[in-house]
Amino acid sequence: MRRTASAWAVLLLVLTACSGAAEDDAGAEQPSSSATESSASSPTTPAESASPSTTPSTSATPEEPPHPVSLPALAQQEYDGRGLRLGREVLRTADQVQYDVTYRSGDLRISGRLAVPTGSGPFPAIVLAHGYIDPAVYDIGQGMTREREWFAANGYVALHVDYRNHGGSDADPDAELQLRLGYTEDVINAVRALRRWDGPVADDQVAIGGRSMGGGVVYNALAVQPGLVDAAVVWAPVSSDTVDNFERWIRPSPDRSDLTRRIINRYGDPARPRNADFWDAVSPRTYFDQITEPVLIHHGTLDDSCPVRWSRTTHRAMQRAGVDSTLEIYEGEQHAFGPRFYDSMERTGRFLRRHLA
């Protein structure tokens with residue numbers, strides 16, 4: 001089922017240096033009327049997005065490295081997530097124990113919260129990527145509390161990642177300017193650290209999951225590290241085209257006018273066709289043909305933060321690229337998944353039992 005990242009080597013021969021984000025959160029249950037979708041919508045392919053964004057040329061040096069802020073650059077990185085350490089115990093029930101934890105992501109120490117089922121294991125595991133919460137008010141383990149507790153109660157080790165600049169994690173002053181691609185590094189390193197931990201984790205049964213912005217982080221991780229995990233699940237995810245997210249949350253926000261100016265000055269305005277190569281290279285949709293894991297997408301029809309059309313487009317693009325993608329639509333459900341939350345979790349459980357066996 002897994003493929004190594006060697007396919008990226010082919011892509012990186014044709015990629016050259018290019019010229020030259022997202023929001024969430026909240027929480028309960030009700031009957032289900034979801035629909036599994038499929039069909040076609042052509043994604044942007046790596047070959048289509050590989051030409052330089054300045055003047056067209058067919059004589060680019062093949063060995064020229066990708067733009068440092070890009071998914072191809074993330075694909076070239078070495079990931080050695082390590083040093084998962086348990087801190088204080090924060091919750092103990094009949095079916096689980098939860099701890100504050102830290103681990104290493106490159107030079108940074110990242111905090112998180114770990115839920116471990118009662119029993120000897122080994123247990124299947126999932127790494128969770130939360131949606132947007134202002135880092136200034138974020139607290140350790142915030143954003144996917146319900147999911148973390150559900151997974152542990154149902155026999156999964158669940159590691160909730162805080163990301164850099166969040167909770168007790170180290171600071172990265174360039175994270176926003178680098179379009180939060182560092183969050184993807186933190187999630188990939190969390191998977192590596194969890195596998196290296198001497199706790200009760202079944203190494204060959206590991207998934208990743210993300211909500212809202214965290215769904216975009218999951219898409220990135222799948223695209224740049226094929227074979228990293230065995231399956232992926234997202235709830236109410238952002239668009240797989242980074243331009244959609246920029247135009248929805250960054251450019252229109254008065255509080256982010258300075259960030260908008262800095263991003264455009266550095267990478268070019270995504271509204272201008274001449275800058276398309278850079279923006280393609282930071283969009284996971286461009287690299288869906290690298291994904292080797294099955295993906296389950298949950299989305300509500302009344303989501304007023306991340307429109308359901310984004311997931312429909314992502315699902316079609318994934319299928320067109322050969323990804324084993326399933327889209328579950330929840331009529332009347334909003335962004336935070338209230339009445340249909342447990343319905344989505346039961347579907348997630350069935351999906352993971354199939355693919356983590």
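Quick note: the coordinates plus some simple rules give every number you see, no bench work behind them. The model shown is predicted, which means the values in this text are computed figures rather than measured ones. Heads up, the Cβs are rebuilt from the backbone with ideal geometry, glycines too, and the neighbour counts pull from every protein chain shown.
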message: Of all residues being in a strand (DSSP E or B) and not aromatic (Phe, Trp, Tyr) in region 119-133, which is farthest from Leu222 (Cα to Cα)? Just the residue, please.
response: Pro124
field: Residues satisfying the stated conditions in region 188-221, i.e. of a type in the set (Gly, Ala, Ser), more than 21 Å from Arg82 (Cβ to Cβ) and part of a helix (DSSP H, G or I)
entry: Gly214, Gly215, Gly216
- request: Give just the number: which of (1) buried (at least 21 other Cβ atoms within 10 Å of the Cβ); (2) not in a loop (DSSP other than H, G, I, E, B) does Arg261 not satisfy?
  value: (1)
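Quick one: how many residues across region 326-357 are in a helix (DSSP H, G or I) and at positive phi?
Taking region 326-357 first, the residues in a helix (DSSP H, G or I) are 341-355.
Now narrow it down to the ones that are at positive phi: none.
Within region 326-357, residues that are in a helix (DSSP H, G or I) and at positive phi number 0.
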